[in-house]
1. Could you give the size of the charge dipole of chain B about its Cα centre, using +1 on the Cβ of each K and R and -1 on the Cβ of each D and E, expressed in debye and rounded to the nearest 20?
2. Can you tell me the Rg and the Dmax, both Å, for the Cα atoms in the protein assembly as shown?
3. Shortest first and in nm with one decimal, please list how far the residue A:25 label point sits from its counterparts in the other copies (point 7 Å along Cα→Cβ).
4. Most fluctuating residue of B:25, B:83, B:74 in a GNM of chain B with Cα springs under 10 Å: which is it?
5. Could you count how many Lys pairs in the protein assembly as shown have their Cα atoms under 29 Å apart, skipping same-chain pairs fewer than 8 positions apart?
6. If you plug each phi of the range A:30-37 into the Karplus form 6.51 cos²θ - 1.76 cosθ + 1.60 with θ = phi - 60°, what whole-Hz ³J(HN,Hα) values come out, in order, with x for Gly and Pro?
7. Can you show me the helix-derived [θ] at 222 nm for chain B, built from DSSP H runs with n ≥ 4 at -39,500 (n - 2.57) apiece and divided by the number of residues, rounded to the nearest 500.
8. Return one whole number: the accessible area per residue of chain B in Å², for a 1.4 Å probe.
There are 2 protein chains.
Amino acid sequence: MDIENAIAALNNPIRRRILEWLKDRSNFPPALPEHADLEGVCVGYIQEKAGLSQSTVSNYMGLLKQAGLVTAERHGQWTFYRRNEANIQVFLKAVQDELSKT
Amino acid sequence: MDIENAIAALNNPIRRRILEWLKDRSNFPPALPEHADLEGVCVGYIQEKAGLSQSTVSNYMGLLKQAGLVTAERHGQWTFYRRNEANIQVFLKAVQDELSKT
DNA sequence: TCCATATATCGAAATATCTCGATATTCATC
DNA sequence: GATGAATATCGAGATATTTCGATATATGGA
């Protein structure tokens with residue numbers, strides 16, 4: 001958990017929005033039947049929702065992953081991204097500890 | 001309290017460090033006798049501690065102020081900056097609300 | 001009024017980020 | 001092994017940030 005990378009990754013409204021969307025799978029189209037049991041959302045769905053180019057969204061997800069805010073799992077030709085809830089909490093605690101006075 | 005500006009202001013290790021230093025007045029040289037009753041730290045002291053140019057530090061403090069993380073008070077030729085604890089808490093709450101899942 | 005001090009603002013060069021289209025890689029299917 | 005689909009990586013132009021020195025502004029004192 002790198003607070004430096006995490007803040008940089010969060011310093012962009014669309015990346016923050018993606019993290020919010022990923023809170024709820026129902027923000028995206030239903031998974032394909034063969035993916036019904038898998039967690040996370042594929043890049044294509046995120047791209048469609050964000051309205052940015054494929055390469056930009058892939059890059060964004062890479063930044064979020066490098067920051068530890070999401071995890072990636074490959075299944076066939078798809079990469080499924082989902083929030084890393086534990087690390088997000090670690091980050092929030094770290095920011096709170098750094099910013100709070102006492 | 002603008003979460004957008006605040007994250008941008010915090011996306012810099014020295015600005016975050018300045019906010020930490022400002023938690024405790026004793027991180028800086030003692031105030032001049034005529035300022036003994038005033039809150040906050042003047043730009044010169046912050047500059048000295050940060051080891052950056054005067055214009056850079058003035059710019060940094062302006063960014064932190066615009067983000068609502070500090071307040072500025074002019075007294076004579078000095079500007080005294082101090083943390084805006086209330087807004088910092090508001091910011092922390094906002095980030096928590098935006099990032100936390102539930 | 002003139003000068004020194006503290007801070008703010010300006011202009012610019014170096015670097016980083018954003019965002020894209022093009023290309024490469026990976027994997028499933030025929 | 002050729003093809004198509006999903007994703008990653010590359011290279012580049014546009015824009016933003018960093019940081020500085022120089023200059024402007026404000027204030028207090030001789």
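The values are calculated or read from the model by the stated rules, or taken from the named source; none is laboratory data. All of these numbers come straight from a predicted model, not from anything done at the bench. A quick note on method: Cβ atoms are made from the backbone with ideal geometry, for glycine too, and the neighbour counts reach across all protein chains shown. Side chains included, ligands, DNA and RNA excluded: accessible areas come from the protein's heavy atoms. Shrake-Rupley method; radii C 1.70, N 1.55, O 1.52, S 1.80 Å.
1. Numbers: 12 positive and 12 negative charges, 49 e Å.
Once rounded to the nearest 20, the dipole reads 240 debye.
2. When restricted to Cα atoms, the protein assembly as shown yields Rg and Dmax of 20.8, 75 Å.
3. In nanometres, ordered from closest: 5.6.
4. Comparing B:25, B:83, B:74 in a Gaussian network model of chain B, the most mobile one is B:74.
5. For the protein assembly as shown, the number of qualifying lysine pairs is 28.
6. Once θ is set to phi - 60°, the couplings for the range A:30-37 become x, 5, 4, x, 6, 10, 3, 8 Hz.
7. On the way: 5 runs with 53 residues, N = 102.
For chain B, the value works out to -15500 deg cm²/dmol.
8. Values: 5330 Å² over 102 residues.
Counting only protein heavy atoms, the per-residue value for chain B is 52 Å².
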